[in-house]
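Structure first, commentary second.
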Amino acid sequence: MNVLKNAIVMLQLIILANISPTYARESSVFTSPDNLDRYSWMETCQSCTAKWLEQRTKQSRKIIDALPWRETTQKQLNALNYAEDTLSNLVDAGGDRFYLRSTPAFPYLRLFVKRKNGNEQLLIDPPVGTGIQFFSPSYDGRYIAYGLAENGSEFASINILDTRKGKSLPDVIPRVRYPLIAWRGDNQSFFYRRMPSVKQKALPAERLAGQKVYLHHTGNDVSLDVVVFDSFMVSEKAASVYDDVAVYASPDSEWLVSSISTSTSGYSSTIFKVRADALNGAKTPWEKIIDSSENISHFILSGKWLYLAKYNDSSGYHVARKNLDDPRHAEETIVEWSRGELTGFITNKESLYITYHDNGTRKFLRAPFENISRIKNISLPFEGEITALFSDYGKKEILFTLQGWTKPPVILRYDPDKNIVEDTGLIAPQSHDFSDYEVEEIWVISKNNVRVPLTIIHKRGLNLDGTAPVWLTTYGAYGVSTFPNFDASRLIWLRKGGVIAIAHVRGGGELGPFWHEEGRASNKGNSISDFIDCAEYLIENGYTHPSKLVISGESAGGIIIGMALVKRPDMFAAAAIHAGMLNTIRLDQIPIGAMNFKEFGSPFTEEGIRDLKKVDAYYNLKDGVRYPAVMLTVGMNDARVSPWQTAKFAARLEEITATVENPNPVLVVSENEAGHSPATYEQADRNFLDILNFFIWRTTLAKK
């Protein structure tokens, strides 16, 4: 252990950056009380920041890789993650079934098709360093449009494969980011969205600006593709280059539907319609049918109907359908509920299927088109979460994935004629045994008297004497919910006597749209206080002790973890943050910044600056404070949250740590070939193991 101790001492005594450049900083945004920020150079000198992160990564790797249990946990993870096949993203088209699958021999996702005759064929085996980002088959299954992303990048090119001939078409569409491909009924053309080419000196946010929807005909040169929709075409007064736009088609409909969403936050879309035969490039006569003020969060086009889900005043949803053929026809209500999130919304040949939470109760409903008010409740074989729905326009049946915190996923089939649910056998039974562990779903009463859901997973009969290491996580942003999901790798921590806890704080969507609103913008502080209250609950009720409590989060979840460290450094043994938003008052300087003003606040308004300052972990770090041990991880190709957010926080934390007595380590690990998320299973495993072993170290060696 002497090597480990020496490495820690070296890391703590490093003098910060003698590589910082001098430059004229371009900013009108408030940054600190005296308008000085000595690590601001990290924002504009990318090569300097990359060099700094590379140095810190080398130093941190020496520490992490020297941990004596690293090899053991690696073997345990391999046994859990790569012992069995995985199967996901089922799409039925033309009688064939397309899906992604990994196997122990090929531990990454490859695209397969299973023909009607039962023969399986490998379609796409991505080269090393790339991953399948999306795929979409034509309705007849003849063509499949897909995208490969390199080194964690969120940008890809659309390639088209003729699945019958096994040959790629020459037309390749560049610079797409989650293109939302919508095939037309002719099976020869599709709508997609694309970003324009980026100027060499473009600002970070400009790289995600200017999205437009195009129409592409298979076999044609991409230069012939025409724009059919963007927010400026419909003369919206508040149109912005950052608007999220899309076009939707259905093989059974004479209509096309388009939408505009102005932010990654909230539930409102503006929706337009046009008859498919009236499509005319930039002159297409789109007609506005739903305003953003109507709070539409989900919609599906099927025949003459547009099925709508809008949030209501009781933090639930109202689901209805709108007749596109007859504007005078009143919307038909299908179902409504309160205090719960909509989790699934899909149609097939003859029904609408909905999964949702209603006041804490999970629901799975079928609403047949022929009598939309005749709702059928579908019973499930075990208490769990439906995490995916799969439908085929040509079939009555529907497939869905069901899983729980300790229940491995199964893909089930629902037959509406027989009203039965049965296992498809598409996923082989998994051998991971969670029978020794139990799940508690409890309510923590926050300091402002709000009930906050907290999930706790632990060994049966856990002795509540405060000695168990607890790993507490959260996300709490954008209305995203963390519902039950199975992860075999949790067994490594659990088998060591650890406890796993998930704080479902305000800002997420677990209790419906109101739950999100209560943790957004000026209310973002609620997310942080909820998390701290959950941590206090775990300590006060004997689950753990501050010396045994570790916390983690990623991306927007980094706001909560970073601020929890700042507010209560005495409460935690260690923290890990991946790709965290840690310098929010510089929100406009990251690629997704402008799209997040509604969620966190605008740095161009006094109110927004106040909101952002309150949740800026970097800005709120204090000199002379002994902060817990921290591990920060980041992908250098992150197209959402710039790596300098991690670098600045780490540098400031190192500076403070160097001045306190008995300091805790600050570790930084950057991955050159990763983006906002790991690009490969190998990267994901390495990131998980780094954090896991870091937490084992800090909870094992820490004093009670």
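A compact table of results
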{"read-out": "Candidates 32, 60 - the one that is crowded, with 17+ Cβ neighbours inside 10 Å and either under 24 Å from residue 630 (Cβ atoms) or at pLDDT below 95 (or both)", "value": "60"}
{"read-out": "Any hit, the range 635-650, residues being among the hydroxyl-bearing types (Ser, Thr, Tyr), open to solvent by less than 10 Å² (accessible area, probe 1.4 Å) and either touching a Leu at 6+ places or on another chain (Cβ under 7 Å) or part of a helix (DSSP H, G or I) (or both)", "value": "yes"}
{"read-out": "Residue 446 vs. criteria open to solvent by 20 Å² or more (accessible area, probe 1.4 Å) and either modelled with pLDDT under 95 or under 22 Å from residue 508 (Cα atoms) (or both)", "value": "no"}
{"read-out": "Listing of helices (runs of 4 or more DSSP H) fully contained in the range 534-624 that carry 3 or more residues being at negative phi and acidic (Asp, Glu)", "value": "606-614"}
{"read-out": "Candidate set: the range 557-566, residues that are farther than 16 Å from residue 471 by Cβ and of a type in the set (A, V, I, L, M, F, W, C); chosen: the one most open to solvent (accessible area, probe 1.4 Å)", "value": "566"}
{"read-out": "Strands (runs of 3 or more DSSP E) wholly inside the range 308-379 that include at least 1 residues being modelled with pLDDT under 95", "value": "351-358, 361-368"}
{"read-out": "Residue in the range 150-191 that is most open to solvent (accessible area, probe 1.4 Å), counting only those that are modelled with pLDDT under 95 and on the phi > 0 side of the Ramachandran plot", "value": "178"}
{"read-out": "Every residue from the range 419-441 that is more than 29 Å from residue 120 (Cα to Cα) and surrounded by fewer than 18 Cβ atoms within 10 Å (Cβ to Cβ)", "value": "419, 433, 435, 436, 438, 439, 440, 441"}
{"read-out": "Whichever residue in the range 246-294 is without any contact (Cβ under 8 Å) to a residue 40 or more places away in the chain and in a loop (DSSP other than H, G, I, E, B) and, among such residues, is nearest to residue 180 (Cα to Cα)", "value": "269"}
{"read-out": "Test: residue in the range 77-93 that is at positive phi, surrounded by fewer than 18 Cβ atoms within 10 Å (Cβ to Cβ) and modelled with pLDDT of 90 or more", "value": "yes"}
{"read-out": "Residue match in the range 383-403 (condition: within 16 Å of residue 303 (Cβ to Cβ), among the aliphatic types (A, V, I, L, M) and crowded, with 20+ Cβ neighbours inside 10 Å)", "value": "no"}
{"read-out": "Hits in the range 94-122 - residues which are open to solvent by 40 Å² or more (accessible area, probe 1.4 Å) and not in a loop (DSSP other than H, G, I, E, B)", "value": "97, 101, 114, 120, 121, 122"}
{"read-out": "So residue 146, is it assigned to a loop (DSSP other than H, G, I, E, B) and closer than 30 Å to residue 643 by Cα", "value": "no"}
{"read-out": "Residue within the range 456-473 that is of a type in the set (Asp, Glu), exposed (fewer than 14 other Cβ atoms within 10 Å of the Cβ), under 29 Å from residue 340 (Cβ atoms) and out of contact with any Asp or Glu (no Cβ under 7 Å at 6 or more places or on another chain) present", "value": "no"}
{"read-out": "Matching entry among 129, 147 (being modelled with pLDDT under 95, within 26 Å of the chain's Cα centre (by Cα) and of a type in the set (Gly, Ala, Ser))", "value": "129"}
{"read-out": "Residues within the range 538-556 that are within 17 Å of residue 528 (Cα to Cα), open to solvent by less than 30 Å² (accessible area, probe 1.4 Å) and either at pLDDT below 95 or touching a helix residue (DSSP H, G or I) at 6+ places or on another chain (Cβ under 9 Å) (or both), tallied", "value": "6"}
{"read-out": "Wholly enclosed strands (runs of 3 or more DSSP E) of the range 387-476 bearing at least 2 residues more than 30 Å from residue 535 (Cβ to Cβ)", "value": "398-403, 410-415, 420-423"}
{"read-out": "Exclusive hit being under 20 Å from the mean Cα position of the chain (by Cα), crowded, with 21+ Cβ neighbours inside 10 Å, within 17 Å of residue 642 (Cβ to Cβ) and of a type in the set (Gly, Ala, Ser), set 617, 579", "value": "579"}
{"read-out": "Check on residue 228, surrounded by 21 or more Cβ atoms within 10 Å (Cβ to Cβ) and closer than 16 Å to residue 194 by Cα", "value": "yes"}
{"read-out": "Hey, residue 136 small (Gly, Ala, Ser) and under 26 Å from the mean Cα position of the chain (by Cα) or not", "value": "yes"}
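The values are calculated or read from the model by the stated rules, or taken from the named source; none is laboratory data. A quick note: this is a predicted structure, and the numbers were derived from the prediction, not measured. A quick note on method: Cβ atoms are made from the backbone with ideal geometry, for glycine too, and the neighbour counts reach across all protein chains shown. Quick note on the areas: whole protein, heavy atoms, side chains included, nothing else; ligands and nucleic acids left out. Shrake-Rupley method; radii C 1.70, N 1.55, O 1.52, S 1.80 Å.
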